[in-house]
Amino acid sequence: MNSQKQKKHSMLRRAISVALMSSLCLTAAIGVATFTQTVTVSDVTSNVAEETEGENKNSVIEGYLTEESVSDSMLNAFKVESNVEKVVESSLNMVVKENDSEAFAGAAKEEQGEEIRIENWCKVKVDLRGEKLDKEVPAGTVSDALAYLGIKLGEKDKLVGDQKAQLNDGMEITIQTVEIKKTTKTETIDYETVNKETSTLYEGNTDIETYGQEGERTITYQETWVNGKLKEKKEISSEVTKEAVDQVVLVGTAKYEESVTASDSDDSYVSVDESSNTITDKNGNVLHYSYCLSGPTTAYTAEYGAGTATGRLARYGVVAVDPDEIPYGSVLYIVADDGFVYGYAVAGDTGGFIYYTDVVADLYFPTFDDCSFYGLRDAHVYVLEGVSEDMTYYN
């Protein structure tokens, strides 16, 4: 509807210009029927010059009106009305603005061949970086309107639409300030918990071997800000800047055994062959040993599950030694000279006795009574080869 109204409006403005020039030239044409007149039709978009004989000047007007549905009475109004402004207002139902009135007022004084220019105006809505404005501007393009209003686009400004688009009443012209920003955010990465079985702890007991540490991830975002407000945020990269460290939990596998007491010992199964460096345990297993230390041995006790120098739990089978003579972790087989068999043991602890006595080993017993029963005895401590520490749980 607006485009049809504008088209008709434009054609009517052309007719007005023709009518003005034709009426001005009418007097000069009297008595000279063949006098040639120049009629200039002008609007905001084009200028058209026509030459016509005085008696046929109406053909110029009709040429611009044939494409429009204009009545004969309207055409006659152009021919006979001397007050053009009145014609426009009454016959064409156009609103004449102040600058148009000035053009009409000077029309009667225009000489033949001069141009009469009547501007068309449009009402537009301008959204200027969020500020709403209602403006009236001369017809033309969006670019013309911005120039007329003195609006210049900055580096961060964006015009929504085409600058070359033709204006029409009610058109919206939107100018936005658009900023693209990059931001970063650091997020924590949870660590994993890993269980690790160990025979150094009894079943049901746990300990932390390695404490977990959280990692870090840096995420980069691209943000789009329009007129100072965040309109869009999207992730463009994600980088692990610090690796998480797993927490390692030791889970005990050692089984609780019935306490072995000194009175339970039985030496009837033990035999030693020094020529082959072998010993046969009470179950008939033939064991090889690398060397044997002989000398006094003592007994000690501690609270059940207490720690030792190597981190092993205090239990039957864990004995204290001088680590310079018997390295920690060595699997032993201990037999007293009087035939008492302590059995399998592991060098897992030490004590102050190594500095001021000639004790070869201090043997663990579960109770003070057991320690008293064993007392001080000379024994042979065989350092075994190829025997697992697990054997110390099954004496």
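A few points about this structure:
- A search for C-beta distances below 6 Å between a residue of region 165-181 that is over 21 Å from TRP121 (Cα atoms) and any residue that is part of a strand (DSSP E or B) and aromatic (Phe, Trp, Tyr), counting only pairs 6+ apart in sequence or on different chains, returns GLU179/TRP225.
- Of all residues making up region 352-375, the number that are under 16 Å from LEU293 (Cβ atoms) and of a type outside the set (D, E, K, R): 7
- Failed condition for PHE353, given (1) farther than 16 Å from VAL383 by Cβ; (2) within 60 Å of the chain's Cα centre (by Cα); (3) hydrophobic (A, V, I, L, M, F, W, C): (2)
- Qualifying residue in region 291-298 (condition: part of a loop (DSSP other than H, G, I, E, B) and at pLDDT 85 or above): no
- Checked against (1) acidic (Asp, Glu); (2) without any contact (Cβ under 8 Å) to a residue 60 or more places away in the chain; (3) over 23 Å from THR253 (Cβ atoms), ASP349 meets all criteria but (3).
- Here TYR344 qualifies as assigned by TED's automatic domain parsing to the domain that holds TYR300, part of a strand (DSSP E or B) and in contact with a helix residue (DSSP H, G or I) (Cβ under 8 Å, 6 or more places away or on another chain).
- Annotation: of all residues in region 299-326 being of a type in the set (Ser, Thr, Tyr) and not in a strand (DSSP E or B), the one that is farthest from the chain's Cα centre (by Cα) is THR301.
- Within region 161-201, being under 29 Å from the mean Cα position of the chain (by Cα), under 18 Å from GLN247 (Cα atoms) and not polar (S, T, N, Q) holds for ILE189, ASP190, TYR191, GLU192.
- Residue count for region 204-238, restricted to those that are of a type in the set (Val, Ile, Thr) and under 21 Å from the mean Cα position of the chain (by Cα): 6
The values are calculated or read from the model by the stated rules, or taken from the named source; none is laboratory data. Keep in mind that what you see is a predicted model, and the values were worked out from it rather than measured. Because the Cβ atoms are built from the backbone with ideal geometry, glycine has one as well, and the counts that use them run over all protein chains shown.
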